[in-house]
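Once you've had a glance at the structure underneath, I'll fire off some questions.
The values are calculated or read from the model by the stated rules, or taken from the named source; none is laboratory data. Predicted model only: the values in this text are computed from it and were never measured. Cβ sites come from the backbone with ideal geometry, for glycine too, and all protein chains shown count toward neighbours. These area figures cover heavy atoms from the full protein model, side chains too; ligands, DNA and RNA do not enter into them. Shrake-Rupley method; radii C 1.70, N 1.55, O 1.52, S 1.80 Å.
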There are 2 protein chains.
Amino acid sequence: MSTSNQQHKAGDLHFLKRLNRSAILELVRRTPGLTRADIATQAQLTKATVGAGVQSLLNQGWLREGELQKSSGGRPGRALHLNEEQHVLLGAEVGVHGLRLVACTLAGQVLVSHHEHLVPTTPEVTAELLGELLHALMQEAPVKKRRCLGLGIALPGPIAPNKPVLRLAPNLGWRDVRFLELLRPHLPHLEGTWLMDNEAKSAAFGELYFRTGNIPESLVYVSAGTGIGSGMVEGSHLPLVTRGIQGLAGEIGHTVLQPGGLYCHCGNRGCAETLVSGWSIRAALGIAEEEDLIESLLPRLDEPDVQVTLRRAGEALGVLLLNLHHTQNPSEIVLGGSLTQLGAPLLGPALDFFKANQNRLLGTTQQVPLRVVQDSTFIAARGAAAQVLASIIHGSSDLGDTFF
Amino acid sequence: MSTSNQQHKAGDLHFLKRLNRSAILELVRRTPGLTRADIATQAQLTKATVGAGVQSLLNQGWLREGELQKSSGGRPGRALHLNEEQHVLLGAEVGVHGLRLVACTLAGQVLVSHHEHLVPTTPEVTAELLGELLHALMQEAPVKKRRCLGLGIALPGPIAPNKPVLRLAPNLGWRDVRFLELLRPHLPHLEGTWLMDNEAKSAAFGELYFRTGNIPESLVYVSAGTGIGSGMVEGSHLPLVTRGIQGLAGEIGHTVLQPGGLYCHCGNRGCAETLVSGWSIRAALGIAEEEDLIESLLPRLDEPDVQVTLRRAGEALGVLLLNLHHTQNPSEIVLGGSLTQLGAPLLGPALDFFKANQNRLLGTTQQVPLRVVQDSTFIAARGAAAQVLASIIHGSSDLGDTFF
DNA sequence: CCGCTTAGTAAATAGAAAAAACTAAGTGGA
DNA sequence: TCCACTTAGTTTTTTCTATTTACTAAGCGG
């Protein structure tokens, strides 16, 4: 979401009504099967208010009624669930080596996905191709019959705050791209909320927002691919993405880990990316740009020079994770990106270092959950779709008016 | 503020009323001299609603009317200001070398302050002394005649999230201290909101919250003293403090800058604090614990070994600042703590490094405002007082009911 | 002096949630 | 089977808040 801090919050009755409808929808989304009575308790609203709110959400197709609950000595409540048949969310990621597209339900379940390999080209050509692919995706059966709520695009670089501009994508060679504007002419009939964000931030958002049950208070997604980026989201009810004044929050690949170290493409020395990233591994092992890094390395994991290179990179990754722990201290860390496919030779040293040191300061034994995503292909695209949904439920999107 | 994420937000009419009153108060606090009409425009409320809200805030002593504004072809509006005569906020910082106390107005103006030097002792003894000093502070003329809204305590270590427990204060030798509970018996008659937070987080909060006019969207306060800590606040209307799941957010002193480097007191190697901190400078120059670091160094700034030590420490500080820029990317950085008194020999290299590298990634010339606080003695204490006010205006404190 | 503009207040209205009273639908015990 | 009891959910009435509309207040400029 490229939107940011609104003016000071005040509101009228209409605002209050919508706030409460959003709260109801959000509660059911996070805890499927709640009854009206449960909602009334948790949201601190009266049964009457909840009843009216649920009714209109049912009427508009956001919710559906489920089975009767077990009785505990009284009338059993009726379970409520998201109505996942009605709407669809579109998400896409523009990556260095390809386009990833998803169409998913309100619960984040991917209905259809598509991965198109391609070599980096201009924003205009990319937008045209993405437009065609999205158009094709929308023609597929499970998507076509649903109402589309909007489209989110994840991009590999910092996004300007408050306006949808990709400031820089070093690995694509792009700068100051208004990608949504380029895409719009190719999808003239796609209504709903359109937004774009950095891929790691979208991924982080989706990982938190589509979670049900026990929801962490904050989450950092570390994207380890050609470069290294991260995204932090905070707040379990409406996750807030940390962007920074220039969109540079989470650019952990350019934190300095080795003052006076190797030169980075950014011009500084000793950046984390000079130690751990797709390009630093290529450079260390002399792997050409044309070859697929992962495919060329997977058969060579036993070779000593590969092992040494990956171990060193892994140690640097471990330092990055620990530094994240001591600066953001998220409730959960999710590690994704193409490099995770290299497995233990890279990740072993990283996780070992992190686990060995994460409790030094407090002297406790609490472990911060750290999950490695093996296949992170569609995570960012799905996250961008999540951001669309959130902007409708919590934001100022007109689509939120259908709650009434 | 040691409170965190509430349950999902829904509300009744009372909640709405209070939200709007808070918004009005907040607008006047941030922009003194607004008229009712200005507020109606900015808060998107009608004149009637604003009029009623202002009236009750006037009645309760939160606001006062000021002079008539210049007319622009119609009836001139009446300026509104915070009523600073009515209330007082108390803040205190427990530091390694002393206790700092302030009493300040709603606008953050310090009415009375006190700095008590002392050597670290037990939490119990410290609480008793602080209780006496606060009691004395409250007897002073400008404080005594006002209604006290509460007390905020800033402490030099990570605070547990959601509960007021100081988990660890390495430089005091404290662990798991419920400081408010220890203090309570010594101030039985002090009503209002009590809270505690980490000193860098309190400082950051205060620096943002008491700002008027053009308010940054986020701010990081870096506290460079015996150790190095930082606090980040985000959101210009209600600043949100990043705490982390264990309260470790902002512990930048324990980010690793030199893998395999010197041993830190935390047991890890190459922490930032081994390169730049009060204790690392003491260690490098052989300055005993009993001596005051700053006083012993100020006359020696010309000595070559001192210069080399401070330059190296400064360079490490510069790396820390740059890493902050690439992880949080705050709108503004404020650098405080006792080490800033060492001036150019330490700060020169730090600021040079930061300024030389902060624009590498985007290739722009935008400078992130970086302000060095020469005398940061009462910043954290004042920030803790700010947190008290914020918890009343925006939070669930009963004192917020006086808005009606 | 008078039309015009803007600030602020007062009275009437609309609309939201709450409160109270109700119906619905189960339990369990006699 | 009946019936007291419990909990879920709805309907009706009431309360409360912001809005709307109409008004008064107070300046400007011709």
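Does region A:318-329 contain any residue that is more than 11 Å from chain B (Cβ to nearest Cβ) and open to solvent by less than 10 Å² (accessible area, probe 1.4 Å)?
Checking region A:318-329: not a single residue is more than 11 Å from chain B (Cβ to nearest Cβ) and open to solvent by less than 10 Å² (accessible area, probe 1.4 Å).
Cβ-Cβ distance below 8 Å, separation of 6 or more or different chains: which pairs start in region B:82-104 with a residue that is touching a residue at least 24 places away in the same chain (Cβ under 8 Å) and open to solvent by 10 Å² or more (accessible area, probe 1.4 Å) and end on one that is in a strand (DSSP E or B) and of a type in the set (Gly, Ala, Ser)?
If the second residue must be in a strand (DSSP E or B) and of a type in the set (Gly, Ala, Ser), the pairs left are B:GLU93/B:ALA154; B:ARG100/B:ALA92; B:ARG100/B:SER113.
Which of (1) open to solvent by less than 10 Å² (accessible area, probe 1.4 Å); (2) under 26 Å from B:LEU347 (Cβ atoms); (3) in the same structural domain as B:THR327 (by TED's automatic domain parsing) is the odd one out, the single condition B:TYR209 does not satisfy?
The one condition B:TYR209 does not meet is (3).
Is it the case that some residue within region B:209-232 is without any contact (Cβ under 8 Å) to a residue 40 or more places away in the chain and at positive phi?
For region B:209-232, residues without any contact (Cβ under 8 Å) to a residue 40 or more places away in the chain and at positive phi: absent.
Still on this model: Looking at B:GLY348, is it among the small types (Gly, Ala, Ser) and closer than 21 Å to B:ILE379 by Cα?
No, not satisfied.
Considering region B:40-52 alone, what residues qualify as being hydroxyl-bearing (Ser, Thr, Tyr) and more than 10 Å from DNA strand D (Cβ to nearest atom)?
If the condition is that a residue be hydroxyl-bearing (Ser, Thr, Tyr) and more than 10 Å from DNA strand D (Cβ to nearest atom), then B:THR41 is the only one that fits.
Now, a different point. How many residues, within region A:335-352, are within 18 Å of the chain's Cα centre (by Cα) and within 14 Å of another protein chain (Cβ to nearest Cβ)?
Number satisfying all stated conditions: 0.
For region B:182-196, indicate whether the set of residues that are of a type in the set (Asp, Glu), open to solvent by 40 Å² or more (accessible area, probe 1.4 Å), modelled with pLDDT of 95 or more and out of contact with any Pro (no Cβ under 7 Å at 6 or more places or on another chain) is non-empty.
Within region B:182-196, none of the residues are of a type in the set (Asp, Glu), open to solvent by 40 Å² or more (accessible area, probe 1.4 Å), modelled with pLDDT of 95 or more and out of contact with any Pro (no Cβ under 7 Å at 6 or more places or on another chain).
Might you check whether a residue that is more than 8 Å from DNA strand D (Cβ to nearest atom), in contact (Cβ under 8 Å) with a residue 12 or more places away in the chain, among the acidic types (Asp, Glu) and surrounded by 19 or more Cβ atoms within 10 Å (Cβ to Cβ) occurs anywhere in region A:9-31?
yes
Of the conditions (1) closer than 21 Å to A:ASN357 by Cβ; (2) within 14 Å of chain A (Cβ to nearest Cβ); (3) surrounded by fewer than 24 Cβ atoms within 10 Å (Cβ to Cβ), B:GLU315 clears all except one; give me its number.
The one condition B:GLU315 does not meet is (1).
So B:GLY77 fits all but one of (1) near DNA strand D (Cβ under 8 Å from one of its atoms); (2) in contact with a Ser or Thr (Cβ under 6 Å, 6 or more places away or on another chain); what number is the exception?
If we test B:GLY77 against (1) near DNA strand D (Cβ under 8 Å from one of its atoms); (2) in contact with a Ser or Thr (Cβ under 6 Å, 6 or more places away or on another chain), just (1) comes out false.
Separate question: Any residue at all in region B:58-73 that is in contact with an Asp or Glu (Cβ under 6 Å, 6 or more places away or on another chain), of a type outside the set (Asp, Glu) and at pLDDT 95 or above?
No, there is no match, as no residue in region B:58-73 is in contact with an Asp or Glu (Cβ under 6 Å, 6 or more places away or on another chain), of a type outside the set (Asp, Glu) and at pLDDT 95 or above.
Shifting gears a bit: Taking the condition of being in a loop (DSSP other than H, G, I, E, B) and more than 6 Å from DNA strand C (Cβ to nearest atom), how many residues in region A:68-82 meet it?
Number of matching residues: 4.
Can you spot a residue in region A:280-294 that is away from chain B (no Cβ under 14 Å), among the aliphatic types (A, V, I, L, M) and under 25 Å from the mean Cα position of the chain (by Cα)?
Scanning region A:280-294, I find at least one residue that is away from chain B (no Cβ under 14 Å), among the aliphatic types (A, V, I, L, M) and under 25 Å from the mean Cα position of the chain (by Cα), so the answer is yes.
Give the residue, chosen from A:GLY150, A:GLY108, A:GLY157, that is touching a Phe, Trp or Tyr at 6+ places or on another chain (Cβ under 8 Å), part of a strand (DSSP E or B), open to solvent by less than 10 Å² (accessible area, probe 1.4 Å) and of a type outside the set (A, V, I, L, M, F, W, C).
Result: A:GLY150 is the single residue among A:GLY150, A:GLY108, A:GLY157 that is touching a Phe, Trp or Tyr at 6+ places or on another chain (Cβ under 8 Å), part of a strand (DSSP E or B), open to solvent by less than 10 Å² (accessible area, probe 1.4 Å) and of a type outside the set (A, V, I, L, M, F, W, C).
Still on this structure: In region B:45-52, is there at least one residue being part of a loop (DSSP other than H, G, I, E, B), surrounded by 16 or more Cβ atoms within 10 Å (Cβ to Cβ) and either more than 11 Å from DNA strand C (Cβ to nearest atom) or within 14 Å of chain A (Cβ to nearest Cβ) (or both)?
Yes, there is a match, as at least one residue in region B:45-52 is part of a loop (DSSP other than H, G, I, E, B), surrounded by 16 or more Cβ atoms within 10 Å (Cβ to Cβ) and either more than 11 Å from DNA strand C (Cβ to nearest atom) or within 14 Å of chain A (Cβ to nearest Cβ) (or both).
Considering only region A:53-66, state which residues are more than 8 Å from DNA strand D (Cβ to nearest atom) and within 14 Å of chain B (Cβ to nearest Cβ).
Those that are more than 8 Å from DNA strand D (Cβ to nearest atom) and within 14 Å of chain B (Cβ to nearest Cβ): A:GLY53, A:LEU57.
Spot the failing condition for B:LYS17; the list is (1) under 30 Å from A:HIS394 (Cβ atoms); (2) part of a strand (DSSP E or B), and only one is missed.
Status for B:LYS17: all satisfied but (2).
Does region B:65-75 contain at least one residue that is within 16 Å of B:GLY400 (Cβ to Cβ) and in contact with a strand residue (DSSP E or B) (Cβ under 6 Å, 6 or more places away or on another chain)?
No, region B:65-75 has no match at all.
Just to be sure I understand, how many residues within region A:235-272 are more than 8 Å from every other protein chain (Cβ to nearest Cβ), open to solvent by less than 10 Å² (accessible area, probe 1.4 Å) and either under 23 Å from B:LEU240 (Cβ atoms) or among the acidic types (Asp, Glu) (or both)?
So the answer is 1.
Also: So, in region B:5-44, how many residues would count as being more than 8 Å from every other protein chain (Cβ to nearest Cβ) and at positive phi?
1
Answer yes or no: is there a residue in region A:122-145 that is under 22 Å from the mean Cα position of the chain (by Cα), open to solvent by less than 40 Å² (accessible area, probe 1.4 Å) and either in the same structural domain as A:THR340 (by TED's automatic domain parsing) or farther than 17 Å from A:GLU93 by Cβ (or both).
Scanning region A:122-145, I find at least one residue that is under 22 Å from the mean Cα position of the chain (by Cα), open to solvent by less than 40 Å² (accessible area, probe 1.4 Å) and either in the same structural domain as A:THR340 (by TED's automatic domain parsing) or farther than 17 Å from A:GLU93 by Cβ (or both), so the answer is yes.
Another question, if that's okay. Taking region A:30-50 only, how many residues are closer than 14 Å to A:LYS17 by Cβ and touching a Lys or Arg at 6+ places or on another chain (Cβ under 8 Å)?
1
Could you check how many residues of region B:217-226 are within 11 Å of chain A (Cβ to nearest Cβ) and part of a loop (DSSP other than H, G, I, E, B)?
1
Something else now. Need the failing condition index for B:SER113 against (1) outside any strand (DSSP E or B); (2) among the polar types (S, T, N, Q); (3) within 21 Å of the chain's Cα centre (by Cα), just the number.
Among (1) outside any strand (DSSP E or B); (2) among the polar types (S, T, N, Q); (3) within 21 Å of the chain's Cα centre (by Cα), the lone unmet condition for B:SER113 is (1).
Of all residues in region B:53-67, which are open to solvent by 30 Å² or more (accessible area, probe 1.4 Å) and either part of a helix (DSSP H, G or I) or under 22 Å from B:GLY395 (Cβ atoms) (or both)?
Of everything in region B:53-67, those that are open to solvent by 30 Å² or more (accessible area, probe 1.4 Å) and either part of a helix (DSSP H, G or I) or under 22 Å from B:GLY395 (Cβ atoms) (or both) turn out to be B:GLN55, B:LEU58, B:ASN59, B:GLN60.
Tell me, yes or no, whether region A:355-374 has at least one residue that is of a type outside the set (A, V, I, L, M) and part of a helix (DSSP H, G or I).
Checked region A:355-374: at least one residue is of a type outside the set (A, V, I, L, M) and part of a helix (DSSP H, G or I).
Are any residues in region B:333-354 aliphatic (A, V, I, L, M) and part of a helix (DSSP H, G or I), and if so, which ones?
Scanning region B:333-354 gives B:LEU339, B:LEU342, B:ALA344, B:LEU346, B:LEU347, B:ALA350, B:LEU351.
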